[in-house]
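These notes concern the structure reproduced below.
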Amino acid sequence: MKIKELNKKNIPNVAVDSTLDKYRNHPAFQSKVDKANDILRTVGLPKLKR
């Protein structure tokens, strides 16, 4: 595609670096994820009023 054609599109063009694949299954903040899961398990989700 040419630049003029890309500028007319409403879809954003994003190029993802393939070197980030090594982080795909590795949570960045495992302790925070564990704490959040523990809080959700004990307290639960808040009730939504509609």
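The values are calculated or read from the model by the stated rules, or taken from the named source; none is laboratory data. Keep in mind that this is a model prediction, so the values were computed, not measured. A quick note on method: Cβ atoms are made from the backbone with ideal geometry, for glycine too, and the neighbour counts reach across all protein chains shown. Side chains are part of the model used for accessible areas, which takes the heavy atoms of the whole protein and leaves out ligands, DNA and RNA. Shrake-Rupley method; radii C 1.70, N 1.55, O 1.52, S 1.80 Å.
Condition check ((1) among the hydrophobic types (A, V, I, L, M, F, W, C); (2) without any contact (Cβ under 8 Å) to a residue 60 or more places away in the chain; (3) part of a helix (DSSP H, G or I)) across all residues:
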{"position": "10", "(1), (2), (3)": "no, yes, no"}
{"position": "13", "(1), (2), (3)": "no, yes, no"}
{"position": "28", "(1), (2), (3)": "yes, yes, no"}
{"position": "32", "(1), (2), (3)": "no, yes, yes"}
{"position": "35", "(1), (2), (3)": "no, yes, yes"}
{"position": "45", "(1), (2), (3)": "yes, yes, no"}
{"position": "48", "(1), (2), (3)": "yes, yes, no"}
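Residues that are modelled with pLDDT under 85 and in a loop (DSSP other than H, G, I, E, B) within segment 15-24 comprise 15, 16, 24, listed in sequence order. Looking only at residues that are within 17 Å of the chain's Cα centre (by Cα) and hydrophobic (A, V, I, L, M, F, W, C) in the chain, which one is least open to solvent (accessible area, probe 1.4 Å)? The extreme case among them is 36.
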